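Comments concern the structure below.
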Amino acid sequence: MPPPGFRLDLLWAVPALPLLGFVGNGMLALTRPKAKTAVSIIGVGVLVLSFAAAVAAVAGFVRLHPAAPLVFRYWEWMPVGDLRVDYALELDYLSAVMILVVTGVSALIHVFSVGYMGEDPGYARYFAYLNLFVFFMLTLVLGSSFPVMFVGWEGVGLCSYLLIGFWFNEKINADAGLKAFVVNRIGDFGFLVAMFLIFRHTGSLDFDAVFAQAPTAFTAGDAAITATTLLLLLGCTGKSAQIPLYTWLPDAMQGPTPVSALIHAATMVTAGVYLVARCNVLFALSPLSSATVAGVGALTALFAATIALKQWDIKRVLAYSTISQLGYMFLGVGTGAYAAGLFHLVTHAFFKALLFLGSGSVIHAMHHAYHATHSHEDAQDLRNMGGLRHHLPWTAGLMWIATLAIAGIPPFSGFFSKDEILGAAFARGTAEPIWLAYWVMGIAAALLTAFYMTRLMLYAFHGPNRTGEAERAHLHEAPWSMTGPLAVLGLLSFAGGVINVPALFGGHAFFRCSGRWRCRPESNGRSSSLRCSWRGWASSGRCGCSSPRRSCPRGWHPRSGASPESSGRSGTWTRCTTRSSCSRSSGSRARCCGRRSMRGSWTA
Amino acid sequence: MSLDLSNYRDLALALLPELVLTLAAVVLLLVVAWRHQTRADLRVAAWVAWWGLVAAAVAVWWLWWNTARAAVIPPPVHPPMIAVDDFRFVADWLVLGTAALTVFVSFDYLERESLLVPEYYVLLLFATLGMMLMAGGEDLMMIFLGLELMSVAVYVLAGINRRSAPAAEAALKYFLLGAFASGFLLYGIALAYGATAATNLTLIGVQVTTLGLQKSTMLLIGLGLLLVGFGFKVAAVPFHMWAPDVYDGSPTPVTGYMATAVKAAAFAALFRVLGEAFGAVPAWREIVWWLAVITMLVGNVVALAQRTLKRMLAYSSVAHAGYVLVAVAAGTPAGAAAFVFYLVAYTFMTLAAFALLAAKGRDGERDVRIDDLAGLAQRRPWLAFALAVCMLSLLGFPGTAGFIGKWYILVAATQSGQVPLAAILVLASVISAGYYLPVIMAMYMKPEPFEQAHGGMRLGPLGSIAVAVSVAGLLFFGVRPNRLLDLARTSGAAVRPAPAATSGGGARPTAPKLAGN
């Protein structure tokens, strides 16, 4: 491990601060639930500080250009014989992206919650849960081993469960929470069993060791690795609401809207995508599993989009839209375009958080209007809205940005990420028609997305107002604490697409480097050249890239060509040459030449 | 410290904890013979019992601190009937600690329920003494005596509330089925003796290897009967039928004690018998494998259907017996460590859960339904928090000792090649979410049904201490299990099959070949 330079040693503070916030707010909730100012300061403050710490750590990380993921071990957690599990955090490009998204979006949503939840009697409890959620989410993405990740994995599920049932006046809320948790437990079954299969075959559970040994411990494409990865996929479908375990997410909309934005759109539900990306080495070893991931994703993207067409509850439209977009991400990571899947995760976090918070702002206004006139109409029903752009101009404008982004209209962020996913599927389709089918499904889902989102916007913001004469006077824009975060997210939804162009987040440059299907040697005469190279790339280059110099991107070499000073650790890998061959772009250097290896794409 | 168990001084030292506890129990018996009228007498009895338990625990600690071990005794002398090893010490601590916490939980409960029976504490001490003999027994006869001492005391404890018909039913049922189970056990001992001409565990182990009795029918039948007997005591399916009714009918602190200490002691004895006497007989692994699978599945599925909290916890304790059996089935050092660790974690969570239930109920906690806890989090946040931690730990939620315990069991099972068993364990614990979570849901997500619905909930200061200690233990060992795991590992390693006979006759002290048909 390189010396922790720069401000990398701040990494522990990233998850620790929200935990501190949880303890503080939890104490306040028990002792002085009325102290709302203190709760707001603690709740938002820890998130802002955590975001600052994350930025500092990532900046230090990027400047250090480490060849391997940086692992910070804090203490020994579970020593069992030769298996040792530490409380350790790991920073690499993947987790760097994730912590920035999680802390950044969380901080904005916490600010929004100050306004949105201001009059709720359970204010302190709400912030305590929300802080705890962020802590677990950061544990999930920063954990350096499966068990630590599992702690976060279960923890976010618990917080989600508690927050869905936050308003316990109605029984349906509690039932929705229970449903979410039980469905997630089915997914966890897959995760846990997969974890123990991995342990059985590789003898370890640290990401480093598992991914280093996976190519030798498993035979590419055999039953063991396929079973393992399919079980992992089961875990992912539970957490990320994919077919067949998607049913809980629409019901989860019973929770407060900022919770839907944070947990059920931007962060927790993307954990499944994160897990597949994290385990890309394992998935790459099993073409069947990867194709299943992509298939589940494509099917879910299309299927959920069709459901969204006919929903009247504004939040349920967005819920099905989330499921559909998560399907896109699965299609991306299943195709092997991990960077594209992650990229969509990031842009989706921006525009879907914006859509949810915007709908929160709408519901807030509608609720106040109905509350003022003691009406019992449904504040979330699109049929009761209409013409709101005159009353909520900021919300309307910002939500239009998000709508254009999610619909994939060019300069907006969603276009870039969707395009990459669809492009990846299409490119693989040139060799295997099944991927063309996935591509078609993706295109169809994209069209439906544009349709149902436009429908939502038109029903809510345009045309005549259907709220009611008496209520109309009470419709007004939310306070700045709610519109401010919306504006920031609007900016990100608009311009978020550019982050994939420079190399900072392992974007485009890297994507070209790691996209397996692009790396494929066309002249490989064996079986399906595509699959072969695709599998081979990840499984130690035995069959892949055997004549790849011309078709692989610059800097990638088969084993025989590796120069001794190359920075890789294991010798049997297709690897990058030293920095000299890639030094033209120092940004991509780290990705190309770092630890090319098993961690594949992400820790490069 | 090496103890030569053939002389009385060393033998007394080796038995110091048991002697201390016996003394305390006898003194207490004398005290309550004269003073059993008032509430003050009840409190005196509780404190005498508590200090007796503490003194015994200190004696155990003293032996452990001085690494007391029995000296190897040359063949002509009969080998010792009591083990002096870390496994015994840890098991002793566990049962003593459970009993001490039970005293705290009962302190307020007995007064509240107007159960002015100071003999309760005497019986508690004698039951604990029996458990210690079971956990330390190096001889089937000793284990049987300990088991009977424990059982008889617990039969009475189950029916201590003479005004309650369900308690009487529970006591009778427990007594009849317990006697039946003892019969199985005794017959198993007889057959094992018939096959090996020994009742000493080490000797049985030696006889099995030297005489090649692995396939002896008589020995196998004896082993099967032993497993049935122990299966009754740990409430493993299909020998669990008594458990829900008995747990349901007994006073709640007694239920907590039965679900934890009785089970722990029976498991400790089972573990020692299988490890030391039958280590070379592969047949039991298969049987225990199936027992574990059935117990986990049946326990969890039936628990799903329960409406009252007490019966739900009763079936949950059946399910947990299945998890522990997985650790036994692993049969490796890691399995032994997981076994000890899980018993400790299980004891904490179950005891605290029953203690909280005892606080909730007003004479007849049988009727506390899960929905009766609605809104507890608003009214009594700390109690709700404690119960939530217990439920999460029972569920195996990360961050609690229950998770670490299950984790170790899974690791042990996977390492010994029992991946299907591990998968079934995970599946079973997924099912268990279906009945543990509604408790949390009721407490945190439902409004109080009416004003002051939880007004009568009273834990008492000592009960609070017991619950706080348990919950703190669950959380602490969930985050830093290292010390406890070290202890579990060394103690688990103490139980191992006797080394095969090295020199002719060296380890064949008693009978020539008798069995083998």
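When the charge dipole of segment B:283-479 is built from unit charges on Cβ atoms (+1 for Lys and Arg, -1 for Asp and Glu) and taken about the Cα centre, the candidate among B:VAL301, B:VAL288, B:TRP382 whose Cα reaches farthest toward its positive end is B:TRP382. Bridge orientation summary for the protein assembly as shown: considering DSSP beta bridges with both residues in this region, about 90 percent are antiparallel. Probing with 1.4 Å while keeping every protein chain in the model, the per residue accessible area of segment B:120-162 equals 23 Å².
In order along segment B:371-380, the Karplus-derived 3J(HN,Hα) couplings, from 6.51 cos²θ - 1.76 cosθ + 1.60 at θ = phi - 60°, round to 5, 5, 8, 4, x, 4, 5, 6, 7, 10 Hz, and Gly and Pro are given as x.
Surface composition of segment A:194-294: carbon and sulfur make up 61 percent of the accessible area, probe 1.4 Å. Panel note: contact residues of segment A:122-171 (accessible area lowered by at least 40 Å² against the chain on its own; 1.4 Å probe) correspond to A:LEU158, A:TYR161, A:PHE168. Put simply, the amide H of B:ASN200, placed in the peptide plane, has neighbours under 5 Å in B:LEU140, leaving out anything fewer than 5 places away on its chain.
About its Cα centre, segment B:1-117 has a charge dipole of approximately 220 debye under the convention of +1 per Lys or Arg Cβ and -1 per Asp or Glu Cβ, with nothing else charged.
Here the Karplus curve 6.51 cos²θ - 1.76 cosθ + 1.60, taken at θ = phi - 60°, turns the phi angles of segment B:80-94 into couplings of x, 9, 10, 7, 10, 8, 5, 4, 5, 4, 5, 5, 4, 4, 4 Hz, with x standing for Gly and Pro. A simple count of charges around B:ALA266, restricted to other residues whose Cβ falls under 14 Å of its Cβ and scoring Lys, Arg +1 and Asp, Glu -1, yields +2.
For the pair B and A, the buried accessible area comes to roughly 3600 Å² in total, with a 1.4 Å probe and the value rounded to the nearest 100. Evaluating 6.51 cos²θ - 1.76 cosθ + 1.60 at θ = phi - 60° for every residue in segment B:95-106, the Karplus couplings come out as 6, 5, x, 4, 5, 5, 5, 5, 4, 4, 5, 6 Hz, glycine and proline recorded as x.
Determine the share of chain B's accessible area contributed by carbon and sulfur atoms, expressed in whole percent, with a 1.4 angstrom probe. Of all accessible area on chain B, carbon and sulfur atoms account for 69 percent. Comparing each chain alone with all protein chains together (probe 1.4 Å, DNA, RNA and ligands left out), the residues of segment B:380-416 losing at least 40 Å² of accessible area are B:TRP382, B:PHE397, B:PRO398, B:PHE403, B:TRP407, B:TYR408, B:VAL411, B:THR414, B:GLN415.
What a 1.4 Å probe finds exposed on segment A:322-463 is 70% carbon and sulfur by accessible area, rounded to a whole percent.
Solvent-accessible surface of segment B:283-479, taken per residue with a 1.4 Å probe and all protein chains present: 28 Å². Each Lys and Arg contributes +1 and each Asp and Glu -1, all at the Cβ; summed about the Cα centre of the protein assembly as shown, the dipole is approximately 2960 debye. Each Lys or Arg adds one and each Asp or Glu takes one away; over the other residues whose Cβ falls under 11 Å from the Cβ of B:ALA338, this sums to +2.
Here chain B is treated with +1 on each Lys and Arg Cβ and -1 on each Asp and Glu Cβ, and its dipole about the Cα centre works out to around 440 debye. Taking amide H atoms as placed 1.01 Å from N in the peptide plane, the amide H of A:VAL85 lies under 5 Å from those of A:TRP77, A:MET78, A:VAL80, each 5 or more residues away in sequence or on another chain. Close amide H pairs (under 5 Å, H built 1.01 Å from N) link B:SER2 with B:ARG69, residues at least 5 positions away or on another chain. For segment B:2-43, the solvent-accessible area with a 1.4 angstrom probe is 59 square angstrom per residue. Comparing the full protein assembly with the isolated chain, the residues of segment A:184-228 losing at least 30 square angstrom of accessible surface (1.4 Å probe) are A:ARG185, A:PHE189, A:LEU192, A:VAL193, A:PHE196, A:PHE199, A:ARG200.
Taking Cβ atoms as reference points and 12 Å as the exclusive limit, the residues near B:THR67 contribute a net charge of -1, counting Lys and Arg as +1 and Asp and Glu as -1. Over segment B:283-479, with a single point scatterer placed on each C-alpha, what log10 of the ratio I(q)/I(0) does the Debye formula yield at q = 0.08, 0.12, 0.18, 0.19 1/Å? So the normalised log intensities work out to -0.26, -0.57, -1.14, -1.24.
The values are calculated or read from the model by the stated rules, or taken from the named source; none is laboratory data. Given the structure is predicted, the values throughout are model-derived calculations rather than measurements. Quick reminder, even Gly has a Cβ in these numbers, built from the backbone with ideal geometry, and neighbours come from all protein chains shown. We work out accessible area using only protein heavy atoms, side chains counted, and drop any ligands, DNA or RNA first. Shrake-Rupley method; radii C 1.70, N 1.55, O 1.52, S 1.80 Å.
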